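Only one structure is covered here, and it is reproduced in the block below.
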Amino acid sequence: MTLDQAYVELIDEGAVTQVIRPAAVIPEEAAHDVLMALSLRDVRVGGVWQAEPSLWRRFDRAWEPGDESPGDAELIGSIQIAYGVPTRYEITIFRATVTKNGSQQGWTVEALCDEALAFGGLSLASCPRADLQPPPMPFRQGQR
């Protein structure tokens, strides 16, 4: 499966995407634990996760040894994240998608996020949330 194929799978009719609002913020210590666990469970070394700078992908099985592509492994879902937001060592989860294949296997957005967050002792429900402040009032000339 190429990246284009993975993208097509994500926008497939059966995919379920949820914007996480307010965004879930993984605190520094938990973020470190999650990142370490995901790297130890990388699809290229027998695991089911592929962690990249802006996207964590969960597959149904590990990739074949030596492969740099999924081969027969099916994408279950993905979590869109931002490193260093809101502070340097925190990670923010702002969107998650479960593919049609993942949905058929019983996966939900919450279950997908919970699996990754559990490595840091968190769940989507217990994860701290971004403190969203309303935007400032626009400046209007002549107002005091």
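DSSP beta bridges in segment 3-118, what fraction antiparallel, as a percent rounded to 5?
On the way: 22 of 23 bridges.
Once the DSSP bridges in segment 3-118 are tallied, antiparallel ones form about 95 percent.
From the Cα gyration tensor of segment 1-125, with a ≥ b ≥ c the square roots of its eigenvalues, which class applies: rounded if a/c is under 1.5, or else prolate if a/b is larger than b/c, or else oblate?
Values: a/c = 1.82, a/b = 1.29, b/c = 1.41.
Judged from the Cα gyration tensor, segment 1-125 comes out oblate (a/c at least 1.5, b/c at or above a/b).
The numbers here are math on the coordinates, done by the rules we state, and not lab data. Quick caveat, the model's predicted, so the values are computed rather than measured.
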